[in-house]
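In what follows, a structure is listed as structure tokens, so that the remarks can point back to it.
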Amino acid sequence: MNKFYTRLLVLLLLVFIISGSVIYFTVDINTLTNLTVFKPWSVALAVLFVGIGLVLDGTRLMHLVRISNEHITLLQAVQVVFGNYFLALLGPGATGGAVAQLMFLRRAGVPAGKATVLVLVRTLVSILFLVCCMPFIFMHDEAILPGVSNETLMIISLAAFLGILIIVWVFRTNFLDFFVIRWTRHIGNLRRKKIIAFYRDIKGAVRLLSSSPRSMVRVFIESGLSLIAIYSVVPWLLMGLGVETDWYTVMGRMIFLNMVLYFTPTPGGSGVAEGGFVLLFNQTVPAGTVGVLAVSWRLIAEYIPFLIGFYYTMTVFGRDFLNRQLTK
């Protein structure tokens, strides 16, 4: 069995084990009673809003590419988005997703150097939006993370925001050039080239962010709307259970959880996402349904886009191309 199918089977097994365990350990006598009142229209709305979020993700990528003086169609942008979901779940962290985005962008005619910068900017803008939301979340939700005070979380989020501003300022200048060159002088040639190339990519990403402020504001707004639409899966599912939903609290906790998932080492955040969901929502959803909701959220927001990304990737590049990528 080749490497691609081996990794795919391992992923499916991992998803099955995690999903089954989450449901098994959270189910109780109230589960079936609660699920019998579930309204199918909420699933339809959840799927609809994920679709809207993914299209917005595609349009913001189109506008990012336009800022770099290149052009892609909406179909090509959506393929990048779905390809990201597919390969992100096949590798540790989200490294595979970055590879997928580069593959589709280069296929769309974007030069490799610009494609690398665009992938970095796309991720940075999403993280920046989530970081900007954190203070408003911590001011509203007093018990978002058990054992950690909101004051501590607020300080961390403000420090992260200031850190981003400092990084942007530093990379807009040539302040670090001397230190990077001096630091890599005694490192092996191959590793030195990789470090310097990565440093240049970050500088290029930061400069692209600041090159067209008005256009970047539009991209930032589209990023926020895209993420909010995708995260709204959970409140729609809760409403389907007849729960009186505090959208502010639910969306805040979803934003917090997804911020954490950007830095998890597991493929697509598997395990961490479900466990984090149970931790954050165990006290606020109907008894015995938190595990079902966690798995339903992942199915609609991650695994269905994963399958669509699998289709696009296999159609555009073929299995052999994927095998070469996964063996690198």
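All of the numbers you see were taken from the coordinates with simple rules; none came from a lab. Note that the coordinates shown come from a computational prediction; the quantities given were computed from them, not determined experimentally. Cβ coordinates were reconstructed from backbone atoms using ideal geometry, including for glycine residues, and neighbour counts include every protein chain displayed.
A few notes on this one:
- Recomputing P(r) over Cα pairs in 10 Å bins from 0, in percent from the coordinates shown identifies the correct label among [x] 5, 19, 20, 19, 14, 10, 7, 5, 1, 0; [y] 6, 24, 30, 22, 13, 5, 1, 0; [z] 5, 23, 32, 26, 11, 2, 0 as [z].
- Computed extension gain for residue 156 through residue 35, at 0.36 nm per residue and net of the alpha carbon distance, reaches 39.7 nm.
- Packing-based exposure ordering (other Cβ within 10 Å, fewest first) of 231, 248: 248, 231
- Computed 3J(HN,Hα) for the stretch 149-164, one whole-Hz value per residue from the Karplus formula 6.51 cos²θ - 1.76 cosθ + 1.60 where θ = phi - 60°, is 5, 5, 4, 5, 5, 5, 4, 5, 5, 5, 5, 5, 5, 4, x, 5, glycine and proline marked x.
- The phi torsions of the stretch 31-43, fed into the Karplus equation with coefficients 6.51, -1.76 and 1.60 and a -60° offset, translate into couplings of 4, 5, 4, 5, 6, 5, 9, 5, 9, x, 4, 5, 5 Hz, rounded to whole numbers, with Gly and Pro shown as x.
- For the chain, the number of Lys pairs with C-alpha atoms closer than 19 Å, counting only pairs eight or more positions apart or on separate chains, is 8.
- For the stretch 76-172, the relative contact order is 17 percent, taking Cα pairs closer than 8 Å that sit 6 or more residues apart in sequence and dividing their mean separation by the residue count.
- Sequence of 302, 142 once ranked by neighbouring C-beta atoms within 10 Å, starting from the fewest: 142, 302
- With contacts taken as Cα pairs under 8 Å at a separation of at least 6 residues, the stretch 1-144 carries a relative contact order of 16 percent.
- For the stretch 272-278, Karplus couplings with θ = phi - 60° (6.51, -1.76, 1.60), whole Hz, Gly/Pro x: 5, 4, 5, x, x, 4, 4
- The stretch between residue 191 and residue 166 holds 6.4 nm of extra length on full extension. This uses 0.36 nm per residue minus the Cα-Cα distance.
- The stretch 114-234 - percent relative contact order, Cα under 8 Å, separation 6 or more: 38
- Least to most buried among 152, 31 (fewest other Cβ within 10 Å first): 152, 31
- Efficiency of FRET from Cβ geometry, residue 210 and residue 177, R₀ 22 Å, rounded to 0.05: 0.80
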